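Below is one structure, written out as structure tokens; the observations come after it.
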Amino acid sequence: MAKTITTNELAKKVVNHEETLILDVRNTDEFDNWKIEGGKVEVINEPYFNLLEGIEPVEGKFNKDQEVIVVCAKGGSSEFVADLLEESGYSNLYSLEGGMKAWSEHLEPVKIGDLKDGGSLYQFVRLGKGCLSYFIESNGEAAVVDVNRMIENYEGFAAENGVKIKHTLDTHLHADHISGGRQLAEKAGATYHLPPKDAEEVTFDYSPLEEGNYITVGNTTITVQPIYSPGHTIGSTSLIIDNQFLLTGDILFVKSIGRPDLAGKAEDWVGDLRNTLYSRYKELSENLIVLPAHYSFAEELGNDGSVSARLGDLYNKNEGLQVEDENAFRKMVTENLPPQPNAYQEIRETNMGKVNPENEKQREMETGPNRCAVQG
Amino acid sequence: MDVTKILDAKGLACPMPIVKTKKAMNDLNSGDVLEVQATDKGAKSDLAAWAKSGGHELLKDTEEDDVLKFWIKKG
């Protein structure tokens, strides 16, 4: 029987930049749509059904004693293939437990920095989907931003660090993943904040996240200052934390910018998006560290596995910020857009509280990459 | 449709629906039609890809009450 590896162990290899060889045995369409990336990961694709008659299709692609992690959709076929390879004399195989489905749910906490008056900011990297959420802790209290559905990760982290979650926030109504913000707030006795312009159709109570409001975390002066920054959704709101960090939601990423079409309003919102990126953010300090809600490319992961960049640097490097001509910008963000995220309409309705799919259905809705960006 | 054989792969997880389909196909003649019933959602794209790579033809597929049905003509 082949050995298994957990998503937790694999995530450590990715963020630590260890050489990792993956044999992905899903069918090629699924592989092309979405795969494990980052660090020093190398991936080979060979669908499991091509190996039923013999392992020739992968022979010679790796050595018999080389460490290979076999991956499939849910963990069944990878185990099957790993066993087949073992029977043929390969000795260092691991099957990823739970497959891509479990990989999509793994969150890896990475510390971003200290806050001036005590406390820290952590980024939770969802390696399998490219979602980034944030945990701000100070003096026994915490706020969590753009919470993912797997809220036990944040609950566990809060318990380990001896802090109580007082606030959960969504920078906007998400279309690529199911928010855990409301559920985490309910369980922790915290307040759930959402931009009111994105909440017009929601079926639950929330605290409006509005420009000019301050949310204090702990007894120190860590304040979350929301800035209204429409474009990806009409209510999109950015947060400045401790005058050091700019949480941009899905407006500005490290290598790209947000797409304005996921609520069907690309034409209406492109002007807002441009105004936010080309005027509003320019008025902010260029020393702010940009912390987005997503990343799209493995190369956006830094040496410690986190995703961040100085705002001033992005104005020099991010291609989405270099388009002087307004019509060219309009064309870039409304034409030739990448495919939309899996089940994005249903995900939006779930995040509004209009539908409440069972857990297994929610997991399925979230498979695949986030696809929230357009490339410059 | 003229179905030669029905394979019940309901309740089986990947890779078993394909493993069993492949085995059932081996016993059929070219032109015969195999009906496969499965409940694993992953079977849908895998069966389509497998049929194509094996030179078989996926004639039709349906989904009703969480049961996926496929009709595959042996190549």
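Computed from the coordinates by the stated procedures, all read-outs in this text should not be read as laboratory data. All of these numbers come straight from a predicted model, not from anything done at the bench. FYI the Cβ positions are ideal-geometry reconstructions off the backbone, even for glycines, and counts take in every protein chain you see.
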message: Taking a ≥ b ≥ c as the square roots of the Cα gyration tensor eigenvalues, with a/c under 1.5 meaning rounded and otherwise prolate when a/b beats b/c, else oblate, which class fits the range A:270-345?
response: oblate
query: Which shape class applies to the range A:29-184: rounded if a/c is under 1.5, otherwise prolate when a/b exceeds b/c and oblate if not, where a ≥ b ≥ c are the square roots of the Cα gyration tensor eigenvalues?
result: prolate
query: Over the range A:104-212, what relative contact order in percent results from Cα pairs under 8 Å that are six or more residues apart?
result: 17
message: Tell me the volume per residue, in Å³, of the convex hull enclosing the alpha carbons of the range A:185-228.
response: 70
query: Do the alpha carbons of any pairs in A:Lys35/A:Lys101; A:Lys354/B:Lys10; B:Lys52/B:Lys74; A:Lys361/B:Lys10; B:Lys20/B:Lys74; A:Lys111/A:Lys361 sit beyond 22 Å of each other, and which pairs?
result: A:Lys354/B:Lys10; A:Lys111/A:Lys361
query: Which residue, A:Tyr278, A:Tyr192, A:Tyr295, tops the fluctuation ranking in a GNM of chain A built on C-alpha contacts under 10 Å?
result: A:Tyr278
task: Could you give the size of the charge dipole of the range A:245-376 about its Cα centre, using +1 on the Cβ of each K and R and -1 on the Cβ of each D and E, expressed in debye and rounded to the nearest 20?
output: 100
query: Given springs between every Cα pair under 10 Å in a Gaussian network model of chain A, which of A:Leu314, A:Leu301, A:Leu85 has the largest fluctuation?
result: A:Leu85
task: May I ask for the angle, rounded to the nearest 10°, between helix A:76-87 and the longest principal axis of chain A, with both axes built from Cα atoms and the value confined to 0 to 90°?
output: 40
message: I want to verify a result. In a Gaussian network model of chain A, Cα cutoff 10 Å, which of these has the top mean-square fluctuation: A:Pro338, A:Pro47, A:Pro195?
response: A:Pro338
Which of A:Gly302, A:Gly235, A:Ala266, positive extreme of dipole for the range A:108-374 (C-beta unit charges): A:Gly302
As computed over the range A:108-374, the Cα convex hull volume per residue (Å³): 115
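Tally Lys and Arg at +1 and Asp and Glu at -1 over the other residues with C-beta under 13 Å from the C-beta of A:Phe124: what net charge comes out?
After counting each charged neighbour, the total is -2.
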- prompt: Any idea what angle helix B:43-53 forms with the longest principal axis of chain B, computed on alpha-carbon atoms, 0 to 90 degrees, nearest 10?
  reply: 20
- prompt: Counting alpha carbon pairs within less than 8 Å and at least 6 residues apart, what relative contact order, in whole percent, applies to the range A:24-95?
  reply: 34
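If you take all C-alpha pairs in the protein assembly as shown, what percent of them are over 41 Å apart?
I get 24 percent for the Cα pairs in the protein assembly as shown exceeding 41 Å.
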statement: Partner shielding of B:8-14, taken as the mean number of other chain Cβ atoms within 10 Å, equals 3
- prompt: Given the protein assembly as shown, what percent of its DSSP beta bridges are antiparallel, to the nearest 5?
  reply: 60
task: Return the Cα extents of chain B along principal axes one, two and three, sorted largest first, each rounded to a whole Å.
output: 29, 23, 18
- prompt: Under a plain spin-label model, where a point goes 7 Å from the Cα along Cα-to-Cβ, how far apart in nm are A:Asp29 and A:Glu283?
  reply: 4.9
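Using the crude model of +1 on Lys and Arg Cβ and -1 on Asp and Glu Cβ, and no other charge, please compute the dipole size for the protein assembly as shown relative to its Cα centre, in debye to 20.
Computed charge dipole of the protein assembly as shown: roughly 60 debye.
Note down the relative contact order for chain A as a percent, whole number, built from C-alpha pairs under 8 angstrom at least six residues apart.
On the way: 850 pairs, mean separation 53.3, N = 376.
Across chain A, relative contact order equals 14 percent.
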statement: Relative to chain A, whose Cα atoms define the longest principal axis, helix A:266-275 and its Cα axis are tilted in degrees, nearest 10, by 70
statement: Under the 7 Å Cα-to-Cβ spin-label approximation, A:Val355 and B:Gln37 lie apart by a distance in nanometres of 2.7
- line: Honestly the range A:173-291 on the Cα gyration tensor test (a ≥ b ≥ c root eigenvalues; a/c under 1.5 rounded, otherwise a/b vs b/c for prolate or oblate) is just oblate
